[in-house]
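A short write-up of the structure that comes next.
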Amino acid sequence: MDMLSQVLIVEGKQDRKKVEKILAEDEMILCTFGTLSAYALDELIDEYMLFERDVYIFTDADDSGKQLRKLLNQELSHAENLYIDAKYRQVEDTPDHVLASILQAANFNVKIDYLKGSE
């Protein structure tokens, strides 16, 4: 799949940094910085042509992450949702090997070393 055809949406800069280090290839990762107004979402959709791409939503398992996921899904009904276990609460706090498994299951290429690990 062409790298420009898929987009991963995360909440914060730390989430983006953590995901970037695990991915084996450059991918478009959009950061919402935790909140997103309806206007800002419309701008994001237009600027990155999100209706024409495979979109993956990867937010935290806390209340703000759930609220953001709900908003994104209302506008991007074609998006696929990626979830972390609630025990980790935040993408940035999730163990690398767990994130790698989640991303690989969504057909992202991950660095093999990150698939190894233990709880």
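For this structure, a couple of remarks:
- Note on region 99-119: residues that are out of contact with any strand residue (DSSP E or B) (no Cβ under 9 Å at 6 or more places or on another chain) and either closer than 18 Å to residue 11 by Cα or of a type in the set (Asp, Glu) (or both) amount to 2.
- Within region 30-49, if we keep just the residues that are of a type in the set (A, V, I, L, M) and surrounded by fewer than 18 Cβ atoms within 10 Å (Cβ to Cβ), the residue that is nearest to the chain's Cα centre (by Cα) turns out to be 30.
- Boolean, residue 27 is buried (at least 17 other Cβ atoms within 10 Å of the Cβ), in contact with a Gly (Cβ under 6 Å, 6 or more places away or on another chain) and in contact (Cβ under 8 Å) with a residue 60 or more places away in the chain: no
- When region 83-99 is filtered for residues that are crowded, with 20+ Cβ neighbours inside 10 Å and closer than 15 Å to residue 29 by Cα, the ones remaining, listed by number, are 91, 99.
None of the figures in this text is laboratory data; all of them are computed from the coordinates on show. Source: prediction; values computed, not measured. Glycine gets a Cβ as well: all are built from the backbone with ideal geometry, and neighbour counts include every protein chain shown.
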